Structure formats: C-alpha cells, structure tokens
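The values are calculated or read from the model by the stated rules, or taken from the named source; none is laboratory data. In this text the structure is predicted, and so the values were computed from the model without any measurement. Glycine gets a Cβ as well: all are built from the backbone with ideal geometry, and neighbour counts include every protein chain shown.
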Amino acid sequence: MKSTSKTKEIQTNSSSNLLVLGATGQVGKLVANNLRRSEANFSVGTRRKANLEELTDRFGASRFIDLDDPRTFDQALKGITGIFLITGYTVDMLVQSKSLIDAAKRNGVNHIVHLGAFTRDHDAYATVFAWHQMIETYLRDSGIAWTNLHPNMFMQSFLSVWSLKGGEYSAYTSKAIGFTALEDVAEAAAVILMEGPEKHNGKDYWFSADALTPHQVAETLTAATGRKFTAAVRKAEGFQNDAAQPGSAFEPAYAKGGFELFRQVEDGRMAYIGSVRDDTKKLLGREPLLLNGWAKLHANELLEAAGMAAPPATEVAPNDGIPSTLASFVKANNDRDADSVTACFSKDAVVYDDGQIMRGAEEIRQWIAELFRKFQYVVAPTNVRELTNGAILTATITGNFPGARVSLDYNCRTLGGKIEVMVIQPTPVAK
Ligand SMILES: NC(=O)c1ccc[n+]([C@@H]2O[C@H](COP(=O)([O-])OP(=O)(O)OC[C@H]3O[C@@H](n4cnc5c(N)ncnc54)[C@H](OP(=O)(O)O)[C@@H]3O)[C@@H](O)[C@H]2O)c1
C-alpha cells in the first residue's frame with residue numbers, strides 16, 4: 001500500500017492490523033488521522049462505549065478498551081499486530097502500560113510504539129520522566145518488538161487555557177526549553193506503525209526541533225501572529241497551581257512532575273531539556289516544524305486561547321454574500337475543479353487540514369485533486385465571520401466519506417485577494 005505523503009514512500013506490511021490508543025486526545029487523534037489518510041488497516045481504542053460509533057465513522061473501526069480495566073484487554077487485542085501506546089496525564093500510566101504490555105504479549109502482538117518523554121539524558125529524575133523510563137524498561141524486557149518516541153514539550157501546550165492568558169506567556173523556568181509540533185510526532189508515529197518492527201524495532205526517536213527561552217517564545221509568537229506577546233517567568237511551584245485549574249488535563253501527581261521538571265531545568269540538572277535533537281527528517285524526509293511555522297498555522301487558535309482574538313469585523317449569513325475569494329473556493333470545490341481551487345491560494349500558501357500540512361501551490365493542487373479522486377462531496381456555507389485579515393467560513397460538507405456529513409471551519413488569512421493560510425478543522429461544538 002502506498003502513502004499519500006509527498007515526502008516519503010512508505011512500505012506498509014499488508015498483514016498488519018494496528019490499534020491506536022488515545023484517539024480522542026491530542027496525539028492519538030493526529031496519529032489516527034495520518035493512518036486514515038494512508039489507508040492503513042487500523043482501529044482506534046476508546047473507553048467510552050457511547051463514542052464507538054462516532055469513532056468508527058471517523059476512522060473506519062473502533063474497539064472498546066479501558067486502560068483502567070485489564071479485563072477489557074484480551075477482546076480489544078484480538079488479531080492486533082501493532083499498538084500505539086499512549087496514556088494520559090496520570091500516574092496510572094504505570095499500571096495501565098504494564099498490564100497492557102502483559103496482555104499484548106499474551107495475545108501475540110508483535111510491535112508496540114510507545115509515546116514517552118524527552119529523556120535524552122538517562123539520569124532524568126523528574127517524576128513523569130522516570131515513569132516513562134520505567135514503562136520503556138518493562139517494554140524492552142517483554143520480548144515484544146518496541147519503538148520509543150521521545151517528544152519534548154508539545155507546541156500544542158500553548159493552546160491550553162492558562163498558558164498565554166492576555167498575551168502573557170507563563171513560563172516556569174527562565175532557561176530554554178525544547179519544543180516539538182505534534183504534527184511531526186504524529187506523522188512519524190503513523191509511519192513507524194505502518195513500516196513496522198522490521199524497520200523500527202529497538203529504536204528510540206527524538207522530537208525536539210526548536211529550543212527557546214521564554215522571551216524568544218514571546219518574540220516568535222509576536223512575529224507569527226502580528227499581536228504582541230510578552231513572557232513572565234514564574235516560580236516552578238506555580239505550575240502545580242496553574243495546571244490544577246479547571247480544564248487542565250493534569251492530575252495532581254502529574255502536575256507535581258511538571259514542577260519538578262521546571263525546577264531541575266532552572267537549576268541545571270535537566271538543562272538538556274533546552275537542547276535540539278530531532279528525528280523528523282530521518283523518519284519523514286522533511287524538516288520539522290519550528291515554533292514560528294507552527295504558530296503561523298495556529299495563529300487564530302493562539303489568539304483565541306490568549307483571549308486576544310480580534311473581534312469579528314462582521315458576521316454575515318452566507319446569503320448576504322461571502323468574501324469573493326472564499327466564494328470562489330466554495331464554487332471551485334463544488335465544480336470539482338482542482339486548478340480553480342489552487343488559483344484561490346497564493347503561490348506560497350499553507351493549508352492545514354486537521355493535521356496534514358500542504359505547503360505551496362503544487363502540494364495544494366495535489367491535496368485537492370486527491371480529495372476529488374477519493375470522494376464526491378458538496379460544500380454548503382452556513383456562516384462566515386469576517387476578520388481583519390481574513391475570515392472563518394463554516395460549511396456543511398456532505399458526501400460519500402465516512403460519516404457522510406460534517407461541519408468544518410475554514411479559518412483563512414488572506415492578502416490581495418488570495419488565501420495565504422487556511423486551517424481546516426471540525427467546527428467546535430457549542431458548549
Ligand atoms: N504535553 C507535553 O508537552 C508532553 C510532552 C512529552 C510527553 N507527553 C506525554 O503525552 C501523553 C499525553 O498525550 P496527549 O496530550 O495526547 O493526552 P490527552 O490529550 O490527555 O489524551 C489522552 C487520551 O488517553 C485516553 N485515555 C485516558 N484514560 C484512558 C483509559 N482509562 N482507557 C482508555 N483510554 C484512556 C483519553 O481518552 P478519553 O477521551 O476517554 O479521556 C485520551 O484519548 C502523556 O503520556 C505525557 O506524558 C506530553
């Protein structure tokens with residue numbers, strides 16, 4: 001089977017049957033998106049029975065598994081050859097991972113790809129880092145082929161509610177930290193799962209593409225979004241309080257690990273966290289995203305998370321007319337005319353389609369031509385919010401794709417009548 005990736009041909013093992021955990025979370029969702037695009041044979045695992053159908057619509061297949069209940073494992077692992085093992089922000093990751101590895105062995109799984117932490121220096125004693133190292137040791141000892149991914153701080157963390165409040169970046173150390181974009185980690189994980197243990201058994205891969213001090217982070221976010229960001233260096237202890245706020249995914253023991261990490265980065269024991277070491281190019285044949293590029297793609301989300309989103313200049317029903325560039329984009333889609341879609345974009349435009357990135361006119365043309373080849377669909381605008389430098393078009397897409405109907409937001413920055421950046425994501429469900 002061939003991947004749709006433009007940078008690398010992937011040789012997948014046609015007999016592989018993969019299970020992706022955490023597909024409702026940040027990393028797992030992007031891994032599953034990548035596998036889906038590559039037409040890999042996989043299921044996503046969820047502990048939420050009510051979500052099984054929706055996840056099947058989205059990804060093709062889903063299985064019930066509750067990492068807190070090992071009695072659910074044998075059924076979930078029937079016929080599975082490879083697992084993407086990811087756990088949440090909890091100390092329970094230790095027992096969850098151990099019992100899953102035991103069940104994988106029992107059920108003849110032959111490859112586990114584990115998402116750990118950036119433990120580049122083996123003497124890493126911050127709680128969470130030690131937990132991941134212990135899981136990796138148990139996995140190595142299991143006899144199952146293994147691959148460990150070691151991401152540094154997720155760039156996506158900037159989108160959490162407390163990270164950038166009011167445009168002030170709350171840093172918990174004055175020292176540099178290394179960052180990675182989950183777009184890179186997830187695409188790499190999908191390739192590793194598809195290529196399998198023949199190529200990746202016994203390998204550790206590192207993801208830390210950009211190392212920046214708090215002030216460099218603020219400068220980078222300012223340059224990428226066009227709005228002023230500053231940095232405030234707080235005491236490491238502050239992380240425990242901030243990470244316990246409503247909406248945080250961290251349980252208290254994990255938040256303590258964050259505090260320990262920042263304290264040890266500050267006093268130099270974990271200075272290596274501020275280093276660059278990145279295997280994206282080795283795995284995907286392209287450069288990793290740096291914070292500047294990532295923040296440009298997520299500029300509107302960053303401004304929203306910071307509470308700095310420019311108020312929409314106008315909000316209009318589509319019948320009142322949508323900006324002409326977007327109207328052309330909708331018409332060209334409905335006409336199934338890849339050249340006319342491409343003509344809506346500037347030469348160096350970037351499109352971000354829920355985890356997949358297309359850079360420049362040629363990649364955009366290939367992406368849309370591939371969508372036309374795979375699916376028949378119709379785009380019906382339902383709302384437009386015009387912004388100072390673009391617009392957010394909401395549209396209902398109906399067609400012969402899994403689920404048959406979806407509402408998408410096309411968040412565009414435009415210049416001179418051309419789209420420069422388009423971020424396509426499912427329309428957030430109103431709370
Ligand atoms: N944030 C960082 O900067 C960073 C850096 C390096 C490494 N990491 C590592 O990244 C991992 C977290 O990744 P993430 O951000 O993608 O997490 P996340 O967004 O919180 O997602 C966690 C996923 O795990 C699922 N899950 C939780 N408990 C489960 C259970 N009992 N049974 C089945 N599924 C369960 C959740 O499903 P539900 O929808 O059912 O809750 C969700 O899909 C952690 O191991 C962390 O140490 C994070």
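Taking the options 233, 217, 185, 161, name whichever one is over 16 Å from residue 118 (Cα atoms) and crowded, with 21+ Cβ neighbours inside 10 Å. Full working, then the answer.
Values: 233 fails: crowded, with 21+ Cβ neighbours inside 10 Å; 185 fails: over 16 Å from residue 118 (Cα atoms); 161 fails: crowded, with 21+ Cβ neighbours inside 10 Å.
Going through 233, 217, 185, 161 in turn, the sole match is 217.
Look at residue 212 and say whether it is in contact with a strand residue (DSSP E or B) (Cβ under 8 Å, 6 or more places away or on another chain) and more than 25 Å from residue 29 (Cα to Cα).
Numbers: in contact with a strand residue (DSSP E or B) (Cβ under 8 Å, 6 or more places away or on another chain): yes; more than 25 Å from residue 29 (Cα to Cα): yes.
Taking the combined requirement at face value, the residue satisfies it.
Please determine whether any residue of the range 397-406 is part of a strand (DSSP E or B), surrounded by 20 or more Cβ atoms within 10 Å (Cβ to Cβ) and of a type outside the set (D, E, K, R). Can you show your working first?
Filtering the range 397-406 down to residues part of a strand (DSSP E or B) leaves 397-399, 405-406.
Checking the rest, the ones that are also surrounded by 20 or more Cβ atoms within 10 Å (Cβ to Cβ) come to none.
So far as the range 397-406 goes, no, none of its residues is part of a strand (DSSP E or B), surrounded by 20 or more Cβ atoms within 10 Å (Cβ to Cβ) and of a type outside the set (D, E, K, R).
Give just the number: which of (1) crowded, with 21+ Cβ neighbours inside 10 Å; (2) assigned to a helix (DSSP H, G or I); (3) within 10 Å of the ligand (Cβ to nearest atom) does residue 67 not satisfy?
(2)
Restricting the first residue to the range 69-85 and requiring it to be of a type outside the set (A, V, I, L, M), which pairs with a second residue that is in a loop (DSSP other than H, G, I, E, B) and loosely packed, with under 11 Cβ neighbours inside 10 Å meet a Cβ separation below 9 Å and a spacing of at least six or different chains?
Final answer for the pair search is 81/15.
Please tell me if residue 119 is within 12 Å of the ligand (Cβ to nearest atom), surrounded by fewer than 21 Cβ atoms within 10 Å (Cβ to Cβ) and in contact (Cβ under 8 Å) with a residue 12 or more places away in the chain.
Spelling it out, it is not the case that residue 119 is within 12 Å of the ligand (Cβ to nearest atom), surrounded by fewer than 21 Cβ atoms within 10 Å (Cβ to Cβ) and in contact (Cβ under 8 Å) with a residue 12 or more places away in the chain.
Being farther than 21 Å from residue 239 by Cα, surrounded by fewer than 23 Cβ atoms within 10 Å (Cβ to Cβ) and at pLDDT below 95 is the requirement here; does residue 102 meet it?
Details: farther than 21 Å from residue 239 by Cα: yes; surrounded by fewer than 23 Cβ atoms within 10 Å (Cβ to Cβ): yes; at pLDDT below 95: no.
Answer is no for this residue.
I'd like the residue in the range 16-37 that is in contact with a helix residue (DSSP H, G or I) (Cβ under 6 Å, 6 or more places away or on another chain) and farther than 13 Å from residue 85 by Cα and, out of all such residues, is surrounded by the fewest Cβ atoms within 10 Å (Cβ to Cβ).
26
Could you grab me the full set of residues in the range 79-89 that are more than 13 Å from the ligand (Cβ to nearest atom) and either outside the structural domain of residue 140 (by TED's automatic domain parsing) or surrounded by 17 or more Cβ atoms within 10 Å (Cβ to Cβ) (or both)?
Within the range 79-89, 80, 81, 82 qualify.
Every residue in the range 38-49 that is modelled with pLDDT under 95 and surrounded by fewer than 16 Cβ atoms within 10 Å (Cβ to Cβ), please.
39
Given the options 102, 92, name the one that is away from the ligand (no atom under 15 Å from the Cβ) and of a type in the set (Asp, Glu). I'd like the intermediate steps shown before the answer.
Numbers: 92 fails: away from the ligand (no atom under 15 Å from the Cβ).
The match here is 102.
Only residues that are on the phi < 0 side of the Ramachandran plot and either modelled with pLDDT under 95 or more than 25 Å from the chain's Cα centre (by Cα) (or both): list them for the range 135-144, please. Quick ask: steps written out before the conclusion?
Keep residues of the range 135-144 that are on the phi < 0 side of the Ramachandran plot, which gives 135-142, 144.
Once the filter is applied, which keeps residues that are on the phi < 0 side of the Ramachandran plot and either modelled with pLDDT under 95 or more than 25 Å from the chain's Cα centre (by Cα) (or both), the range 135-144 yields 137, 138, 140, 141, 142, 144.
Conditions (1) modelled with pLDDT under 95; (2) among the charged types (D, E, K, R), marked per residue:
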residue	(1), (2)
179	no, no
184	no, yes
203	no, yes
206	no, no
221	no, no
233	no, no
241	yes, no
244	yes, no
249	yes, no
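Between residues in the range 359-373 that are surrounded by 15 or more Cβ atoms within 10 Å (Cβ to Cβ) and residues that are among the aromatic types (Phe, Trp, Tyr), which pairs lie under 6 Å by C-beta distance while being six or more apart or on different chains?
364/345
Looking only at strands (runs of 3 or more DSSP E) that fall completely inside the range 136-183, which ones have 2 or more residues that are more than 10 Å from the ligand (Cβ to nearest atom) and in the same structural domain as residue 280 (by TED's automatic domain parsing)?
On the way: elements: 145-151, 168-171, 177-180.
Per the criteria, 145-151, 168-171.
Residue by residue, here is whether (1) of a type in the set (A, V, I, L, M); (2) in contact (Cβ under 8 Å) with a residue 40 or more places away in the chain; (3) within 22 Å of residue 26 (Cα to Cα); (4) touching a His at 6+ places or on another chain (Cβ under 8 Å) holds:
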| site | (1), (2), (3), (4) |
| --- | --- |
| 233 | yes, yes, no, no |
| 240 | no, no, yes, no |
| 248 | no, yes, yes, no |
| 252 | no, no, yes, no |
| 264 | no, yes, no, no |
| 274 | no, yes, no, no |
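Name the residues in the range 4-23 that are in a loop (DSSP other than H, G, I, E, B) and modelled with pLDDT of 95 or more, would you?
First pass over the range 4-23, keeping only residues in a loop (DSSP other than H, G, I, E, B): 4-17, 21-23.
Once the filter is applied, which keeps residues that are in a loop (DSSP other than H, G, I, E, B) and modelled with pLDDT of 95 or more, the range 4-23 yields 17, 21, 22, 23.
Looking at the range 105-116 only, could you name the residues that are surrounded by fewer than 17 Cβ atoms within 10 Å (Cβ to Cβ) and either within 15 Å of the ligand (Cβ to nearest atom) or not in a loop (DSSP other than H, G, I, E, B) (or both)?
105, 106
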